Amino acid sequence: MSDIGVAEIGSDQVLTREEGVALGERNAHAASTAQWHWMGNYGNVYDVVAVANSRGCGTGSLVTDFQTNGLMPTYMFY
């Protein structure tokens, strides 16, 4: 799943830290101005933080929530 694209992320799919970083890099190359990006679901807060740090997300540039099913759907602004 190393070439995962945003359109291919399932609503209940959990991404790894590595997949999230790779997705962020591809999104950054596709956009010339900062905008919100769907970054997928994560299974733990440490992966969310690692991906956000890899994109340089600052204050207010991350929206995530812990769901009852254990997933953490995440959007990032970069």
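The values are calculated or read from the model by the stated rules, or taken from the named source; none is laboratory data. Just so it is clear, the structure is predicted and the values come from calculations on it, not from any experiment. Glycine gets a Cβ as well: all are built from the backbone with ideal geometry, and neighbour counts include every protein chain shown.
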In segment 20-52, the residues that are small (Gly, Ala, Ser), surrounded by 15 or more Cβ atoms within 10 Å (Cβ to Cβ) and modelled with pLDDT of 85 or more: Gly20, Ala22, Gly40, Ala50, Ala52
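Please enumerate the residues belonging to segment 33-54 that are part of a strand (DSSP E or B) and over 13 Å from Val21 (Cβ atoms).
Correct list: Trp36, Trp38, Asn41.
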Which listed residue, of Arg55, Arg17, is modelled with pLDDT under 90 and either of a type outside the set (Asp, Glu) or buried (at least 18 other Cβ atoms within 10 Å of the Cβ) (or both): Arg55
What number goes with the only condition from (1) more than 13 Å from Leu15 (Cβ to Cβ); (2) surrounded by 20 or more Cβ atoms within 10 Å (Cβ to Cβ) that Phe77 does not pass? (2)
